[in-house]
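Only one structure is covered here, and it is reproduced in the block below.
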Amino acid sequence: MTSTDTTRDLRIDSARLYASLDALGRIGAYTDERTGLVGVCRPSLTDADADGRRLVMGWMRDAGLAITVDAIGNVYGRRAGRDDALPAVMCGSHVDSVPTAGRFDGCLGVLGGLEVVRTLDDAGLVTRRPLVVAFFTEEEGARFGTDMLGSAVATGRIALAEAHALCDAAGVSVGDELRRTGFLGDAPVDAIRPHAYVELHVEQGPVLARKGLRLGVVTGVQGISWQELQLQGRAAHAGTTPISYRADAGLVASLVNVRMRALCDSGDYGHLRATMGVIQPHPGAVNVIPGRVRATVDLRNPEEDALARAEADLHAAVDELAAAHGVSVAWKRMARTPPVPFDASVQAVIADVATRLLLSHEPIIAGAGHDAQEWARVAKTAMIFVPGEFDGISHNPRELSTEAQCADGANTLLHTLLALADEP
Ligand code: HGY
Ligand code: MN
Ligand code: MN
């Protein structure tokens, strides 16, 4: 059953989708004291994440999906196809969030897939291939330090034992949290090898909105480099210690941050983006020169060689800055993924659907990491982006895509899945 006359005019129920996003967004909700905005804080495998997972799994059951949970806590909801022995077409994303999230990052891809299932149920339609709607563990990496963790384990990039052993800042491991929350599933992590994977996601940036486009056909994901930087100086009295006697780790961290921006502004590394998201001085007292600093370095680049050069040149610069101030340096690799291109044929299906739905669209590269970049290793994969308001701001409670924008994405997902599920 392709997107033929029987399905051509099929559309999702946008009010139902938006209500689901709203209901899930109330789990882990908090009010930002500065702006009064309501954000979402559901770091992976916290109680809030577990509550969000169970809410979505209840909806999956209500929609008749057969649920499996694997040994890294990935959750798959399966809808039988007419030729049920064929590999499924999968969609999904993540429901864990950064600590200052909005309601759409990841959730639109999961609940958009669920809305597709609900729409097909309402219409009494069964696709040729089975469909799977999934959500994956620790996509954000904000708690355990490695992004797209669940998808990376499911597709063989990270070993299960290595993933289970990862710990958060409090020393709590992924394995322990999976057990504590009840999400240490018994399905093997490589149980699913889909025919194709399509992920609907908010763009999380300003490009589509500024061009007045309704959709993005995502061509791939840029390279990501996450490192932890430990700077070790010497704690000392802020008042009695002459400037020339200091080994100020806090000063070096600031100098490194400024140098990171200089690398971006230099133009020598293409479209390099650099962020020092964590800067933790110790002891963190007003009258003590920081003896040490734990910082994180997030580098992004669409070109692998420019990313690698930026990593190498930053390491050299940090050594120089630290040595000049009597501070020692230790690096720890957190995550590293190269740029990943998406499948051209799936992109073509998405573009064709968008054209038929009269939705303006253009190719766009993903600035953020996504589960799709892992699934691209084992299945033909692409993504659909929808724009957001306020320059598409994300990882911020102000994140907002309208009901109409979400509907554009979910309708495109619906017809893309129908086309792929009908493939021989
Ligand atoms: O960091 C990222 O790009 C994604 O939000 N995990
Ligand atoms: Mn996301
Ligand atoms: Mn995110």
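The values are calculated or read from the model by the stated rules, or taken from the named source; none is laboratory data. What you see is a predicted model; the values in this text were computed from it and never measured. Positions of Cβ are generated from backbone atoms using ideal geometry, with glycine treated the same way; all protein chains shown enter the neighbour counts.
Count of the stretch 312-337 residues, restricted to those that are closer than 15 Å to GLY270 by Cβ and either surrounded by 19 or more Cβ atoms within 10 Å (Cβ to Cβ) or not assigned by TED's automatic domain parsing to the domain that holds LEU231 (or both), is 1.
Examine the stretch 58-78 for a residue that is more than 20 Å from ASP422 (Cβ to Cβ), within 14 Å of ligand 2 (Cβ to nearest atom), of a type in the set (A, V, I, L, M) and buried (at least 20 other Cβ atoms within 10 Å of the Cβ), and state whether such a residue exists. Checked the stretch 58-78: no residue is more than 20 Å from ASP422 (Cβ to Cβ), within 14 Å of ligand 2 (Cβ to nearest atom), of a type in the set (A, V, I, L, M) and buried (at least 20 other Cβ atoms within 10 Å of the Cβ).
Residue-wise test of (1) among the aliphatic types (A, V, I, L, M); (2) more than 24 Å from ALA407 (Cα to Cα); (3) within 16 Å of ligand 2 (Cβ to nearest atom).
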| position | (1), (2), (3) |
| --- | --- |
| VAL116 | yes, no, no |
| VAL132 | yes, no, no |
| GLY141 | no, yes, yes |
| VAL153 | yes, yes, no |
| ALA163 | yes, yes, no |
| ILE192 | yes, yes, no |
| TYR197 | no, no, yes |
| VAL202 | yes, no, yes |
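Of the strands (runs of 3 or more DSSP E) entirely within the stretch 13-80, those holding at least 2 residues that are closer than 20 Å to VAL153 by Cβ occupy 66-69, 75-79. Within the option set ALA372, ALA368, being in contact (Cβ under 8 Å) with a residue 60 or more places away in the chain, over 30 Å from ARG8 (Cα atoms), in the same structural domain as GLY92 (by TED's automatic domain parsing) and under 17 Å from the mean Cα position of the chain (by Cα) holds for one residue only, ALA368. Going through (1) free of Cβ contacts under 8 Å to residues at least 24 places away in the same chain; (2) within 16 Å of ligand 2 (Cβ to nearest atom) one by one, THR355 falls short only on (2).
Quick grid of which residues meet (1) modelled with pLDDT under 95; (2) more than 23 Å from HIS395 (Cβ to Cβ); (3) touching a strand residue (DSSP E or B) at 6+ places or on another chain (Cβ under 7 Å):
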| position | (1), (2), (3) |
| --- | --- |
| ALA235 | no, yes, yes |
| CYS264 | no, no, yes |
| MET276 | no, no, yes |
| THR296 | no, no, yes |
| GLU304 | no, yes, yes |
| LEU307 | no, no, yes |
| ASP313 | no, yes, no |
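Look at the stretch 42-56: where a residue is not assigned by TED's automatic domain parsing to the domain that holds ASN74, no partner that is hydrophobic (A, V, I, L, M, F, W, C) sits 6+ places away or on another chain with Cβ atoms under 6 Å.
Please go through the stretch 204-234 and pick out each residue that is touching a Lys or Arg at 6+ places or on another chain (Cβ under 9 Å) and surrounded by fewer than 18 Cβ atoms within 10 Å (Cβ to Cβ). Working first, answer last.
Filtering the stretch 204-234 for residues touching a Lys or Arg at 6+ places or on another chain (Cβ under 9 Å) gives 208, 222-234.
If the condition is that a residue be touching a Lys or Arg at 6+ places or on another chain (Cβ under 9 Å) and surrounded by fewer than 18 Cβ atoms within 10 Å (Cβ to Cβ), then GLU228, GLN230, GLN232, ARG234 are the ones that fit.
With respect to the conditions (1) in contact with a helix residue (DSSP H, G or I) (Cβ under 7 Å, 6 or more places away or on another chain); (2) within 16 Å of ligand 1 (Cβ to nearest atom), ASP391 lacks only one, and its number is (2). One residue stands out among those in the stretch 355-381 that are part of a strand (DSSP E or B) and of a type in the set (Val, Ile, Thr): the one that is surrounded by the most Cβ atoms within 10 Å (Cβ to Cβ), which is THR381.
Would you tally the residues in the stretch 388-405 being crowded, with 16+ Cβ neighbours inside 10 Å and away from ligand 3 (no atom under 16 Å from the Cβ)? Write out each step before concluding.
Keep residues of the stretch 388-405 that are crowded, with 16+ Cβ neighbours inside 10 Å, which gives 388, 392-401, 405.
Then keep just the ones that are away from ligand 3 (no atom under 16 Å from the Cβ); that gives 405.
Of the residues in that region, 1 qualify.
The selection criterion, being in contact with a strand residue (DSSP E or B) (Cβ under 9 Å, 6 or more places away or on another chain) and without any contact (Cβ under 8 Å) to a residue 40 or more places away in the chain, holds for GLY270.
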